[in-house]
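Worksheet for the structure shown next.
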Amino acid sequence: MALTDKIQQLLGEVASFVATNEAELEELRLKYLSRKGIINDLMAEFRDVPNDQKRLVGIQLNELKASIQEKFNALKQEIISHEDVDGNLDLSRTPYPIALGTRHPLSLVKNEIVDIFARLGFTVATGPEIEDDWHVFSSLNFADDHPARDMQDTFFIQSQPDIILRTHTSSVQSRVMETQKPPIRVICPGRVYRNEAISARAHCFFHQIEGLYIDKDVTFADLKQILLLFARQMFGADTKIRLRPSYFPFTEPSAEMDISCNICGGKGCSFCKHTGWVEIMGCGMVDPNVLDANGIDSKIYKGYAFGFGVERITNLKYRVSDLRLFSENDQRFLEEFTSAH
Ligand code: PHE
């Protein structure tokens, strides 16, 4: 058979080479690539090729050699990645190296918050992101014309009956009240949606954790105490809190809580707009209307509620200055959290 025919034939065979372990791979190497292997035999034959054909046959021969070498390397990789320590082949095994992912910074912070409240006796409750008007607004004492219901804030999926993307996880609190009897002590982490233009400081979705405690004799002092405990565990024992009067339809009285800026230690910096304080959450005593609307007798029971954004807490903890980083999945950003637990 002429040399070029042999080369062509071998080229056709390369793809079907198999080796499932090191020994078979070595056989392959000996047969084709070793000093006494086929390629070297062909090289010897090449010497007798007439000069005018040398160029063409030479190219073919090099091509063959490269493709055998390539196939050999590929088989070798496959064997290395599938062999366990004893050298046995296990095709069902995940190939390594196994690149371990990192936890997302928002998950890290959420877990930390959940841990703090779990130690204080709160359990986690979750609910749907696609909700009805009742659980997001009506059961929480929102007047029919409350601006939060407006198209500008709420993403509507369907109208009459209104099906929307929840704008806060208070909807989960409403669902918990519906199905559980007091005492209730839950926190509700989850993603919420608001129709806002995306920028460094606002996004159309973010993450919240809301808390609810209902029992007999719950007071505003209990609320303040739990929030102080949370702030100190989350941001350090020196952290101070202050409560400012505010308004929410579902709490009365309502307040907004600030913590002493943990970036400048309260001295004033650009993050706290030189006030020394950073607002982190809304809170208040559950409005009796809300208890009654959700089947809990407001003459017997009282409660407090609070809610905050996980992004904000994460910004304070890790100084992430652009909200968009949280959802862009840029590995360079995510890998910065590799050493966090
Ligand atoms: N639901 C409010 C919000 O989304 C936060 C909040 C929760 C305020 C509970 C008071 C009490 O901003």
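The values are calculated or read from the model by the stated rules, or taken from the named source; none is laboratory data. If you're wondering where the values come from, they're calculated on a predicted model, not measured in any experiment. FYI the Cβ positions are ideal-geometry reconstructions off the backbone, even for glycines, and counts take in every protein chain you see. These accessible areas exclude ligands, DNA and RNA; they are computed on the full protein's heavy atoms, side chains included. Shrake-Rupley method; radii C 1.70, N 1.55, O 1.52, S 1.80 Å.
Model label points for residue 220 and residue 111, set 7 angstrom from Cα along the Cα-to-Cβ axis, are 3.8 nm apart. Taken per residue, the accessible surface of the chain reaches 56 Å², heavy atoms only and a 1.4 Å probe. Report, to the nearest 10°, how far helix 105-119 tilts away from the longest principal axis of the Cα atoms in the chain, using its own Cα long axis and a range of 0 to 90°. So the helix axis and the longest Cα principal axis differ by about 50 degrees.
So what is the relative contact order of the chain, in percent, for Cα pairs below 8 Å that sit 6 or more residues apart?
Numbers: 526 pairs, mean separation 50.6, N = 341.
Value for the chain: 15 percent.
For the chain, carbon and sulfur atoms together expose 50% of the accessible surface, with a 1.4 angstrom probe and every protein chain in place. Between exposed trypsin sites (Lys or Arg not before Pro) in the chain, where DSSP calls loop and at most 13 other Cβ atoms lie within 10 Å, what's the longest gap? Answer from the scan: 94-200. What whole number of Å gives the distance from the Cα centroid of the stretch 292-334 to the Cα centroid of the stretch 208-225? About 16 Å separates the Cα centre of the stretch 208-225 from the one of the stretch 292-334.
Per-residue 3J(HN,Hα) values for the stretch 292-309, derived from phi via the Karplus relation 6.51 cos²θ - 1.76 cosθ + 1.60 with θ = phi - 60°, read 5, 4, 9, x, 10, 5, 6, 7, 9, 10, 10, x, 10, 9, 8, x, 8, x Hz in sequence order (x marks Gly and Pro).
Using a Förster radius of 22 Å, what is the FRET efficiency between residue 69 and residue 92 based on their Cβ-Cβ separation? Nearest 0.05, please.
Values: r = 29 Å, r/R0 = 1.32.
Step by step, r from the Cβ atoms, then E = 0.15.
Need one number: % antiparallel among DSSP beta bridges in the chain, to the nearest 5. Working shown, then result.
Details: 44 of 46 bridges.
Of the beta bridges lying entirely in the chain, close to 95 percent run antiparallel.
Helix-only estimate, please: 222 nm mean residue ellipticity of the chain, summing -39500 (n - 2.57) across DSSP H runs of length 4 or more and dividing by its residues, to the nearest 500. Provide the component values of the computation, followed by the final result.
Details: 11 runs with 124 residues, N = 341.
About -11000 deg cm²/dmol.
Once the Cα atoms are used to define both axes, helix 3-14 deviates from the longest principal axis of the chain by about 30 degrees.
Kirkwood Rh, Cα Rg: Rg to Rh for the chain? Numbers along the way, then the final one.
Values: Rg = 33.2 Å, Rh = 25.4 Å.
The Rg/Rh ratio comes out at 1.31.
Can you give me the angle between helix 51-82 and the longest principal axis of the chain, using Cα atoms only, in degrees from 0 to 90, rounded to the nearest 10? Taking the Cα atoms of the chain, the angle to 51-82 is about 40 degrees.
For the stretch 1-116, compute Rg over Rh where Rg is the Cα radius of gyration and Rh is the Kirkwood radius from the inverse mean 1/r over Cα pairs.
Numbers: Rg = 23.4 Å, Rh = 17.7 Å.
Ratio value, two decimals: 1.32.
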